[in-house]
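Laboratory data are not the source of any read-out in this text; all were calculated from the coordinates shown. Since this is a predicted model, take the numbers as computed values, not measurements. All Cβ positions, glycine included, derive from the backbone under ideal geometry; neighbour counts span all protein chains shown.
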Amino acid sequence: MLDKDCNENKCAEQIKKTFQTAEVEVKREKRVTVQLRSDLIPPFLSFAKEFMEFKHLSHMSCVDWVEDNELELVFILWNYEQQVQIIAKTRIERVNAQFVSVKKFWNQAETYEREFHEMYGVNFVGNDRLGEFILEDWEGVPPMLRDFDSIKYSKETFYQRPGREDAQNVRATIAKHSGEEVPGFAKDYTIRNIED
Amino acid sequence: MREKETTLYLGPQHPGITGNMMVKLKVAGDTIVKAETHVGYLHRAFEKLMENRTWTQCFPIVCRICVPEPDPNEENLARAIEEIEGREVPERAKYIRVMVLELARLASYQLWMGGQSGSMGLYTMPQWTVGDRDYILDLFEELTGGRIYHMYIWAGGVRRDLPDGLKGRVLNVLKYLENRLPDYDKLMFQNAMFRKRAEGVGIIPKEKAIEWGVVGSPLRGCGIKHDVRIDEPYEVYDKLEFEVPTHEGNDIWSRAMVRRQEIEQSISIIRQVLDKMPEGEYYNKIPNPLNWTIPAGDAFVKTESVRGEFGYYVVSDGSDKPRRVHVRGPAYVHGVTVLEEILKGANISDVSFIMNSLGTCPPEIER
């Protein structure tokens, strides 16, 4: 049995000893960051939960590093006894992203995986609830990917309510109707559309 | 003979729940056999929006993630930025932040009492508590300019100092709320009907609670004493004296008892804060917000909200906008996988009652 009395330094040592390819860093008191190969994440989570008492899955996250053509999966674990936090990270291919489901360790991981599947297009093998979660009838680029242009989507999808087009510039419209003079400092923001 | 199973779509409106979500139930008679939660009514793409906003512009967005208790969102984002940037926060600002967080806790408990009672048909309680909550909102309006969404806690401290005389007015409201507790007890907590409806209902198995990701008063209602304010003190919680109430029972009644005692603890915390608050600066000024970049890095910070551990994972790529802000509210776990588990075997009429006891807040699930 491993030493359960692990502060952040002991914790980092145990991880280094067991996962020799892992990059382990003690960021500060009670904070350990671990960078792992993607195939080592399931054994690492199992090890952390069963042997190091990191029973609580605080959070899971996904970050798009589009410039590296990679997605980063983040697993944040908490040890209630020693009050240490581990942030475990791995990177996977961004195109046809695929990862193994970790819901066998924590059932609530299922919800995170459903979200990352919908928002980032990651396929979690072993999670049978992937599908529509938050969005409805969504087609096209998963919207949390960096190359999804939300402003373009908004302009193409939504329109001004008829009769409210002039509400784009309220102050200019009021000035036009009332003859009120707009103060000089505000003209830059106000007047440019008044003649449109 | 086995009863015929029927599919029942319950929601998206539920009495007492702040937000909308549907629960698809498979029922046999009026007993639930299987439950599936369906969200998607309140998605506002806040996390995507923030990728196109400067760091300071994110503050008016995050508070809108949770209507009943917006302040932990502001505090989390501020603290995550401060951790990545290494920015110091003045001591006075930390005390003010704790005062705001605890006032928000009290206001949120008022809403919870109203919601929990309302979901069993006890409609007098919400009339009282929503009215009493307004006295706290008056204080927020005076302090921040906003009643619900405050945009008051931001990176480096708080937006303005306490107005003259506010301390006295806070103490007056605390005294009023304390005097109201016996009334709440008579109407709700000692009400035989409430006890009969709440005991033995919505049970979370104690041995499963941590593994399922249960946090906050539902965890303490299983007799497990964990609270972020104690486990990993933030701001100035390590300088304050307070207890973390627990209750054995694992059911709605236990969670209610924990929350009832926490109201008294919050009142005590605010009094200590007002007593110990030092003079001095309230804001460590950031550079021009339009040109403010944060060094590359990441941080996961968490607060103890009314419903439990509230976390923010924030990533900076060194630019003037976040690379990623990912919010983990307690309802993300309580309102989906935990709810689906503990609804099995429950009565249809207890669905919103159980949802309330878990602090289910749909806008926090889909953000």
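Looking at A:Glu72, A:Glu67, A:Glu25, A:Glu81, which is the one that is out of contact with any Phe, Trp or Tyr (no Cβ under 7 Å at 6 or more places or on another chain), on the phi < 0 side of the Ramachandran plot and assigned to a strand (DSSP E or B)?
On the way: A:Glu72 fails: out of contact with any Phe, Trp or Tyr (no Cβ under 7 Å at 6 or more places or on another chain); A:Glu67 fails: assigned to a strand (DSSP E or B); A:Glu81 fails: assigned to a strand (DSSP E or B).
Within the list A:Glu72, A:Glu67, A:Glu25, A:Glu81, the selection yields A:Glu25.
Only one of B:Glu5, B:Glu51, B:Glu47, B:Glu36 is closer than 30 Å to B:Ile286 by Cα and over 23 Å from the mean Cα position of the chain (by Cα). Can you tell me which? Walk me through how you get there before you give the answer.
Details: B:Glu5 fails: closer than 30 Å to B:Ile286 by Cα; B:Glu47 fails: over 23 Å from the mean Cα position of the chain (by Cα); B:Glu36 fails: closer than 30 Å to B:Ile286 by Cα.
Unique residue meeting the criteria: B:Glu51.
Kindly establish whether A:Phe54 is in contact with a Ser or Thr (Cβ under 8 Å, 6 or more places away or on another chain) and not in a strand (DSSP E or B).
Here the answer is no, as A:Phe54 does not meet what is asked.
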| So B:Gly223 clears everything in (1) crowded, with 17+ Cβ neighbours inside 10 Å; (2) in contact with a helix residue (DSSP H, G or I) (Cβ under 7 Å, 6 or more places away or on another chain) except one condition, right? Which one? | (1)
| task | Just need a number here: residues in the range B:21-79 that are within 19 Å of A:Arg146 (Cα to Cα) and within 14 Å of another protein chain (Cβ to nearest Cβ). | result | 11
| query | Of the residues in the range B:239-269, how many are surrounded by 19 or more Cβ atoms within 10 Å (Cβ to Cβ) and among the aromatic types (Phe, Trp, Tyr)? | reply | 1
| field | Whichever residue in the range A:39-55 is closer than 25 Å to B:His334 by Cβ and surrounded by 22 or more Cβ atoms within 10 Å (Cβ to Cβ) and, among such residues, is nearest to the other protein chains (Cβ to nearest Cβ) | value | A:Phe54
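Hey, among the residues in the range B:328-364 that are over 14 Å from B:Val23 (Cα atoms) and of a type in the set (A, V, I, L, M, F, W, C), which one's nearest to the chain's Cα centre (by Cα)?
Just the residues of the range B:328-364 that are over 14 Å from B:Val23 (Cα atoms), to begin with: B:328-333, B:345, B:357-359, B:363-364.
Now drop any that are not of a type in the set (A, V, I, L, M, F, W, C), which leaves B:331, B:333, B:358.
Working: B:Ala331: 9, B:Val333: 13, B:Leu358: 11 Å.
My answer is B:Ala331.
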| task | Please enumerate the residues belonging to the range A:104-148 that are in contact with an Asp or Glu (Cβ under 8 Å, 6 or more places away or on another chain) and assigned to a strand (DSSP E or B). | result | A:Phe124
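Output the residues belonging to the range B:205-233 that are in a loop (DSSP other than H, G, I, E, B) and within 12 Å of another protein chain (Cβ to nearest Cβ). Steps first, please.
Going through the range B:205-233, the residues in a loop (DSSP other than H, G, I, E, B) turn out to be B:205, B:210-215, B:221-227, B:232-233.
Result: B:Ile210, B:Glu211, B:Trp212, B:Gly213, B:Val214, B:Val215, B:Ile224, B:Lys225, B:His226, B:Asp227, B:Glu232, B:Pro233.
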| remark: If we ask which residues in the range B:288-301 are in a loop (DSSP other than H, G, I, E, B) and closer than 30 Å to A:Ile76 by Cβ, their number turns out to be 5
| remark: Per the filter on the range B:28-44, residues in contact with a helix residue (DSSP H, G or I) (Cβ under 7 Å, 6 or more places away or on another chain), small (Gly, Ala, Ser) and in a loop (DSSP other than H, G, I, E, B) are B:Gly40
